[in-house]
Amino acid sequence: MKGTRAGLWALAVVALGVLLLGGCAQDDKIYVSNITDGHGRACTFVYTARDGSVGGGEGRDIDVSQLDCEYPPAGRMPGRPTTQPLSAP
């Protein structure tokens, strides 16, 4: 599990670098979230949120860039859901 977590953080850091080099606007906020889906898999994803108009109206634009789900090891339960902002390097 430790190796998987380190791999997920490395994936999140790479995704952050790609997003930053890809020209994200300064008002973009990048987050990494962990959830448990309806099948009991622990899922981690990175998303970018931008306030502003969506389709001509007010709203928030959210783009999920990475998604990874795995079943926990036998006898273990996934942790509680979390969301943390990723700060620029």
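The number of residues in region 59-89 that are at pLDDT below 80 and under 10 Å from the mean Cα position of the chain (by Cα) comes to 1. Say whether the condition of being surrounded by 15 or more Cβ atoms within 10 Å (Cβ to Cβ), of a type outside the set (D, E, K, R), within 22 Å of residue 71 (Cα to Cα) and at pLDDT below 60 is met by at least one residue in region 24-41. No; the residues of region 24-41 include none that is surrounded by 15 or more Cβ atoms within 10 Å (Cβ to Cβ), of a type outside the set (D, E, K, R), within 22 Å of residue 71 (Cα to Cα) and at pLDDT below 60.
The values are calculated or read from the model by the stated rules, or taken from the named source; none is laboratory data. Quantities reported herein were computed from a predicted structural model and do not represent experimental measurements. Every residue, glycine among them, receives a Cβ derived from its backbone with ideal geometry; neighbour counts consider all protein chains shown.
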